[in-house]
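Just so it is clear, none of the values below were taken in a lab; they were calculated from the coordinates. Here the structure is a predicted model, which means the values were calculated and not measured. Note that each Cβ is placed from the backbone with ideal geometry, even for glycine, and that neighbours are counted across all protein chains shown.
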Amino acid sequence: MAPRALWKGQLRLSLVAIPVEIYSATKPDGRVSFRQIHRPSGKKVRYEKTVPEIGPVDAADIVKGYEIGDDEYLLIDPEEIDAIKLETKKTFELVQFVDFRDIPPIYFNKPYYIVPSDDLAEDAYRVVRDALRQTNKVGLGQVTMRGKEYLAAVKACGDGLLMESLHYENELREADQIFTGIEDAPADVELVEVATSLIERKSAPFDATAYTDKYAAALRDLLEAKRKDKKAPRVRDDAEREVAGGDKVVDLMSALKQSLKTARAADSKKPKRKKAS
């Protein structure tokens with residue numbers, strides 16, 4: 001299945017606006033996922049949004065709340081958030097260019113691919129790509145995706161453009177606070193020479209295919225072995241198969257009981273007929 005664009009808009013360089021689409025550069029890696037099962041009944045555990053002393057609530061009745069102290073919250077409607085006008089919602093403008101090596105690795109977060117939206121946009125797209133490639137620069141700008149404004153860097157990558165979201169400065173912890181317990185003194189010179197020699201002997205060009213997730217592979221092997229083992233414990237949750245829309249059964253029963261209660265109350269209010277003499 002073709003990937004879905006996370007963002008559609010314009011990549012702007014000065015007065016040049018290029019219609020583009022942004023896609024995630026990563027994909028689900030096939031790692032094993034588990035469902036939580038209630039052991040006594042064998043049924044799947046579900047999570048409901050509830051309110052103390054009220055119980056389950058409808059999603060339509062839920063709004064965002066910002067705590068301002070002492071369990072007091074400012075209520076914000078989705079429409080109020082959508083009304084915030086940000087140019088970066090539809091425009092990703094490259095406002096500065098820097099050497100890629102000038103950005104500390106700790107700032108890089110997640111990679112994305114930028115592609116032209118149509119054939120007409122491809123010419124201008126390739127101009128930006130080649131200019132970044134020849135100058136060995138990356139463009140910086142801000143773009144709004146999924147309700148958040150990201151700082152991002154754009155660079156040439158193969159035949160296209162790669163965007164990498166960056167952490168904002170205030171999102172990073174100061175390293176000094178973490179490394180404060182490490183002695184600020186040089187290591188033994190001879191030991192450093194040995195370590196340096198070892199590093200040089202093991203140095204080679206980066207090859208991502210040389211590394212695999214051994215834990216995930218072992219976990220899949222375990223599950224396959226247990227699947228073939230007829231004695232391995234297993235359960236079957238047939239609740240949803242018995243009646244389509246399992247939760248609707250509960251709702252329907254509640255509605256019927258309420259209807260019966262209403263009908264009985266109405267009957268009790270009707271005037272009683274006099275018996276014929």
_Once the Cα gyration tensor of the range 35-87 is diagonalised, semi-axes √(5λ) in Å_ = 33, 17, 11
*Using the Cβ atoms and a cut-off under 14 Å, what net charge is assigned to the surroundings of residue 81, where Lys and Arg are +1 and Asp and Glu are -1?*
0
*Net charge dipole size for the chain [Lys, Arg +1 and Asp, Glu -1 on Cβ; Debye, nearest 20]*: 3240 debye
_Tell me which of 3, 147, 116 sits at the most positive position along the dipole axis of the chain, charges placed on C-beta atoms (Lys, Arg +1; Asp, Glu -1)._
3
*Helix-only CD estimate at 222 nm, as mean residue ellipticity for the chain, using -39500 (n - 2.57) per DSSP H run (n ≥ 4)*: -9500 deg cm²/dmol
*Calculate, for residue 5 and residue 127, the FRET efficiency according to 1/(1 + (r/R0)^6) with r their C-beta to C-beta distance and R0 22 Å; round to the nearest 0.05.*
0.50
*residue 58 to residue 38: FRET efficiency via 1/(1 + (r/R0)^6), r the Cβ-Cβ distance, R0 35 Å, to the nearest 0.05?*
0.90
*Give, rounded to the nearest 20 debye, the magnitude of the charge dipole that the range 135-203 has about its Cα centre when Lys and Arg contribute +1 at Cβ and Asp and Glu contribute -1 at Cβ.*
620 debye
_Estimated FRET transfer efficiency when R0 is 25 angstrom, pair residue 196-residue 109 (beta carbons, to 0.05)_ = 0.20
*Express in whole angstrom the spacing between the alpha-carbon centres of the range 1-73 and the range 128-172.*
24 Å
*Once the dipole of the range 16-95 is set up with Lys and Arg at +1 and Asp and Glu at -1 on Cβ about the Cα centre, which of 69, 36, 83 lies farthest towards its positive end?*
36
*Restrict the search to the range 4-77; then list the trypsin sites (Lys or Arg not before Pro) that DSSP places in a loop and that have at most 15 other Cβ atoms within 10 Å of their Cβ.*
4, 31, 35, 46, 49
_Using alpha-carbon coordinates, inclination of helix 214-228 to the longest axis of the chain, degrees_ = 40 degrees
*Normalising by the residue count of the range 127-208, find the relative contact order in percent from Cα pairs under 8 Å and 6+ residues apart.*
17 percent
*Among 123, 61, 77, residue whose mean-square fluctuation peaks in a GNM of the chain (springs only between Cα atoms under 10 Å)*: 61
*Would you mind ranking 206, 108 by Cβ crowding within 10 Å, fewest neighbours first?*
206, 108
_Within the chain, percent of DSSP bridges classed antiparallel, to nearest 5_ = 95 percent
*Which of rounded, prolate, oblate describes the range 172-212, given a ≥ b ≥ c as roots of the alpha-carbon gyration tensor eigenvalues and a/c under 1.5 marking rounded, otherwise prolate only if a/b is larger than b/c?*
oblate
